[in-house]
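Notes for the one structure printed next.
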Amino acid sequence: MNRKELIETILADKTLSHITKKDADQLVNVMLDTIKKTIKKGDEVSLVGFGTFTKVRRAARAGVNPATGEKIKIKAKTLPKFRPGKAWKEML
């Protein structure tokens with residue numbers, strides 16, 4: 001499912017039939033932006049029954065270029081992480 005299909009699915013819900021496509025798109029934008037901003041400042045977003053979004057720090061490490069076999073240094077970086085909730089894992 002892509003973003004467009006998600007918005008169409010939201011609009012297909014009978015309880016949300018009063019909102020427009022533009023409103024549904026803005027709703028998705030606000031939700032995603034809020035999650036991104038919250039994670040960026042170091043907090044986590046926990047949606048009970050769905051999962052938790054967090055920020056993790058990956059340490060610098062040594063690696064190998066697979067094409068040449070040359071040893072390389074991989075820089076430390078910060079990445080987003082998602083842990084699915086128990087109910088979601090059980091559903092799958």
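I need the full set of residues from region 1-44 which are assigned to a loop (DSSP other than H, G, I, E, B), hydroxyl-bearing (Ser, Thr, Tyr) and modelled with pLDDT of 90 or more, in order please. Scanning region 1-44 gives no hits. Screening Gly49, Gly69 for residues that are without any contact (Cβ under 8 Å) to a residue 12 or more places away in the chain and of a type in the set (Gly, Ala, Ser) leaves exactly one candidate, Gly69. Summed over region 20-53, the residues that are over 18 Å from Thr9 (Cβ atoms) and among the aromatic types (Phe, Trp, Tyr) give a count of 1. Taking the criterion of being in a strand (DSSP E or B) and not basic (Lys, Arg), the residues of region 73-87 that qualify are Ile74, Thr78, Leu79, Pro80, Phe82, Pro84.
Keeping to region 21-61, report how many residues are of a type in the set (Val, Ile, Thr), surrounded by 12 or more Cβ atoms within 10 Å (Cβ to Cβ) and out of contact with any Asp or Glu (no Cβ under 6 Å at 6 or more places or on another chain). Spell out the reasoning first.
Taking region 21-61 and keeping what is of a type in the set (Val, Ile, Thr), we get 28, 30, 34-35, 38-39, 45, 48, 52, 54, 56.
Still in the running and surrounded by 12 or more Cβ atoms within 10 Å (Cβ to Cβ): 28, 35, 38-39, 45, 52, 54.
Checking which are out of contact with any Asp or Glu (no Cβ under 6 Å at 6 or more places or on another chain) leaves us with 28, 35, 38-39, 45.
Residues flagged as of a type in the set (Val, Ile, Thr), surrounded by 12 or more Cβ atoms within 10 Å (Cβ to Cβ) and out of contact with any Asp or Glu (no Cβ under 6 Å at 6 or more places or on another chain) within region 21-61 amount to 5.
What do you reckon, is Asp43 within 22 Å of Lys4 (Cβ to Cβ) and under 21 Å from the mean Cα position of the chain (by Cα)? Even if it seems obvious, please write down each step before you answer.
On the way: within 22 Å of Lys4 (Cβ to Cβ): no; under 21 Å from the mean Cα position of the chain (by Cα): yes.
Against the criterion (within 22 Å of Lys4 (Cβ to Cβ) and under 21 Å from the mean Cα position of the chain (by Cα)), Asp43 does not qualify.
Please enumerate the residues belonging to region 46-72 that are outside any strand (DSSP E or B) and either modelled with pLDDT of 95 or more or not aromatic (Phe, Trp, Tyr) (or both).
Looking only at region 46-72, we keep the residues that are outside any strand (DSSP E or B), and these are 48-50, 59-60, 65-70.
Of everything in region 46-72, those that are outside any strand (DSSP E or B) and either modelled with pLDDT of 95 or more or not aromatic (Phe, Trp, Tyr) (or both) turn out to be Val48, Gly49, Ala59, Ala60, Asn65, Pro66, Ala67, Thr68, Gly69, Glu70.
Beta carbons closer than 9 Å, at least 6 apart along the sequence or on distinct chains, pair a first residue in region 73-92 that is farther than 25 Å from Lys40 by Cα with a second that is of a type in the set (Val, Ile, Thr) for Ala87/Val48.
The values are calculated or read from the model by the stated rules, or taken from the named source; none is laboratory data. For clarity, every value in this text was computed on a predicted model and none was experimentally measured. Positions of Cβ are generated from backbone atoms using ideal geometry, with glycine treated the same way; all protein chains shown enter the neighbour counts.
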